[in-house]
Structures are given as structure tokens and as C-alpha cells.
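What follows draws every value from the coordinates through simple rules; no lab data is involved. This is a predicted model, so every value here is computed, not measured. All Cβ positions, even for glycine, are placed from backbone atoms using ideal geometry, and neighbour counts span all protein chains on display.
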Amino acid sequence: MSESRNPELVLRKLEWTVIRRLDGLLHGDYRTLFRGFGLDLADLREYQYHDDVRHIDWNVTARLNTPYVREYHEDRDVTGWFLLDLSPSVDFGSREVRKRVVSSEFVTVVARLLSGHGNRVGALLYGDRVDDVIPARAGRRHVLHILHSMITRPERSKSGPTDLRVLLQTAFALIRRRSLVFVVSDFMSAPGWEEALARLSLRHEVIAVRLFDPLEMELPDLGLVTVQDAETGEQILVDTHDRRFRKRFAFIAEQREKALRTAFRQAGVDALELSTDDDLVDAVLRFADLRKRRSRLAGGASMPNHLEMA
């Protein structure tokens with residue numbers, strides 16, 4: 001087994017090159033990153049100025065004729081789930097790194113951070129259907145199990161069209177307890193997944209991790225090039241020297257970007273964009289910033305104009 005397909009070596013490398021760096025950069029942001037979702041009632045007390053009016057217990061208030069608020073203890077345990085699109089289009093990469101490699105490294109780092117704080121992680125793996133479900137457990141060995149399932153999975157030269165709706169609907173049926181759910185995909189899918197994503201986000205906190213390669217956004221002038229559809233195997237010859245063709249390609253890519261961002265926004269889902277030329281530490285720090293902004297919004301703060309998502 002090559003080094004790149006040996007889970008232990010890959011994880012050890014990430015622990016030294018990424019996770020150790022993040023330990024020094026994140027500091028106390030772990031709490032923001034992985035805060036718990038469960039709220040247990042701790043006590044009732046009289047309302048005080050600056051209390052959150054959403055915590056007023058109206059039944060007790062009406063009975064005692066005095067405003068009372070509920071106090072909670074937050075359950076710090078978080079269960080993380082990774083919904084992994086491993087369809088053939090994820091095997092694309094215009095340079096040395098493919099989208100599948102970016103996906104496996106991101107998942108491994110976040111899963112290791114979660115499990116390192118005593119949380120459980122699980123995964124659903126999708127090719128042209130959900131063909132593997134890894135139950136949520138804690139520990140380094142379990143992270144290795146998820147990584148092994150991703151990087152040793154055979155590549156497929158072609159398959160049917162990707163339908164993310166199947167992956168999202170399966171997750172909705174299987175994951176009952178409120179969890180932190182990462183949908184890791186390039187979102188090149190048959191239409192109809194948007195509604196399933198919105199439904200999933202009503203039950204869970206969902207992060208869309210969108211994988212892409214720079215070549216999918218803009219074509220360079222390479223002359224005549226044979227292009228193959230990763231999922232159907234169909235090949236066509238295109239003339240990238242034609243400036244009008246490159247312009248149409250960029251326009252279609254831009255329209256796809258706008259449609260994706262609209263779908264995420266309407267579903268109430270935060271999105272982290274992850275390119276094949278990204279630095280993984282920077283990507284996780286962007287995720288940390290995303291979580292901070294989400295936490296501030298949940299507390300009733302308004303989003304600063306310069307931080308609003310496109």
C-alpha cells in the first residue's frame with residue numbers, strides 16, 4: 001500500500017502538519033467550533049434586565065404574576081456526521097491534488113478535532129447510492145476507520161448521474177439525534193437535492209463543504225482538448241482556443257455558483273468552499289470564523305456588512 005493510501009501514515013502526517021498548527025492557532029475556539037446542542041433545564045429565576053426574553057417561562061410568569069426565565073445547562077457533547085459524496089466527479093483534479101484527497105484530509109482533521117474532545121463521529125458514503133454507513137463512535141481508531149473507507153475505496157470510471165437527494169434523505173432517516181452534519185460534495189448532482197438539504201437543516205446544524213477545482217471555474221487556452229464526463233464516460237472534443245467558448249464556459253460556471261449559493265442560503269445552511277489548491281489550515285480557520293459568525297447570529301447579533309456571505 002502506497003503512503004497516500006495508508007490511513008495511519010496519512011493521519012500521522014496530518015497530525016504533525018495540520019492539527020498541531022491548529023492547536024496553536026485556535027486556542028479557545030474549540031468551544032465555538034464544537035459547542036453542544038442539547039439544553040437541560042437547570043433552574044427558574046425572576047427576570048432581570050438584559051435577560052433574553054426568549055427564555056421567559058410564560059406559564060410560571062402567568063401563575064406568579066412576575067416574569068420568570070429559564071436557565072439551562074448546555075450539553076457539551078456533539079455528534080458529528082459526514083455525508084460523503086464519493087461519486088466519480090470527486091476524483092477530478094487539474095493538478096496534483098484531486099477533490100477526493102481534499103475531502104479525505106478535511107474530514108480527517110475535523111473528525112480528529114471532534115473525537116479529541118470526546119465527541120463521536122460517523123459517516124455515510126455515497127457512490128451512486130449510499131453503500132456504507134459508519135456508525136458514530138469516538139476515538140482515534142474510529143477516525144482511522146473513516147479515513148480508510150475513503151482512501152481505499154476503488155475509483156469508478158463511470159456511473160449513473162449523481163443524485164445527492166438520496167444521500168440527504170438517507171441521512172434524514174438515519175440520524176435522529178440533533179447533530180453537526182457536514183455535507184462534503186462538489187454538488188454536481190441531478191436537481192432536486194435542495195429541498196432535502198433544507199429539510200435536513202431543520203433537524204440538524206448543517207455545514208455544506210463544497211469541493212471544487214479551479215479548472216471547473218475557468219478554462220485556460222490549451223487548444224483542442226478531449227473532455228470526458230467523469231460520471232457517464234462520454235467524451236467530446238472542445239476547442240479551448242476559442243475565446244467565445246471559454247467565455248461561455250465561465251458564464252455557465254458563474255451561474256452555477258450563484259445557484260448553489262442561493263440554494264444554501266434558502267436552506268439556511270452555512271457553506272465552506274474548499275478548493276484543490278487550498279491550504280487545509282486556512283480552510284479550517286475559515287470554518288472556525290464561520291462558526292463564530294453563526295454563534296453571534298444565534299445570540300441575536302447582526303452580521304457586519306463586510307462579513308456577510310455572498
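Summary table
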| item | result |
| --- | --- |
| Within the stretch 136-219, GluC sites (Glu not before Pro) in DSSP loop having at most 13 other beta-carbon neighbours inside 10 Å | Glu155, Glu218 |
| Additional length obtainable on full extension of the chain from Ala190 to Val60, 0.36 nm per residue less Cα span | 41.7 nm |
| Whole-Å distance, taken between Cα centres, linking the stretch 133-153 and the stretch 196-217 | 21 Å |
| Inter-label distance, nm, simple model (7 Å from Cα along the C-beta direction), Met217/Arg5 | 3.2 nm |
| Residue exposure sequence - Arg243, Arg98, Arg45, Arg137 - by fewest surrounding Cβ within 10 Å | Arg243, Arg45, Arg137, Arg98 |
| Linear extension gain, Gln48 paired with Gln255, 0.36 nm per residue minus alpha-carbon span | 69.5 nm |
| Rg over Rh, two decimals, the stretch 89-229 (C-alpha only, Kirkwood Rh) | 0.98 |
| Label-to-label distance, nm, for residues given as Glu96 and Val281 (7 Å Cα→Cβ offset) | 1.7 nm |
| Val183 long-range amide H proximity, modeled H, under 5 Å | Leu83, Ile207, Ala208, Val209 |
| Under the Karplus curve 6.51 cos²θ - 1.76 cosθ + 1.60, θ = phi - 60°, whole-Hz ³J(HN,Hα) for the stretch 283-293, x wherever Gly or Pro sits | 5, 5, 5, 5, 5, 4, 5, 4, 5, 4, 4 |
| Among 105-114, 175-184, the order from most to least packed when residues are scored by Cβ within 10 Å on average | 105-114, 175-184 |
| Cβ-derived FRET efficiency at R0 45 Å, Arg265 paired with Arg244, nearest 0.05 | 0.90 |
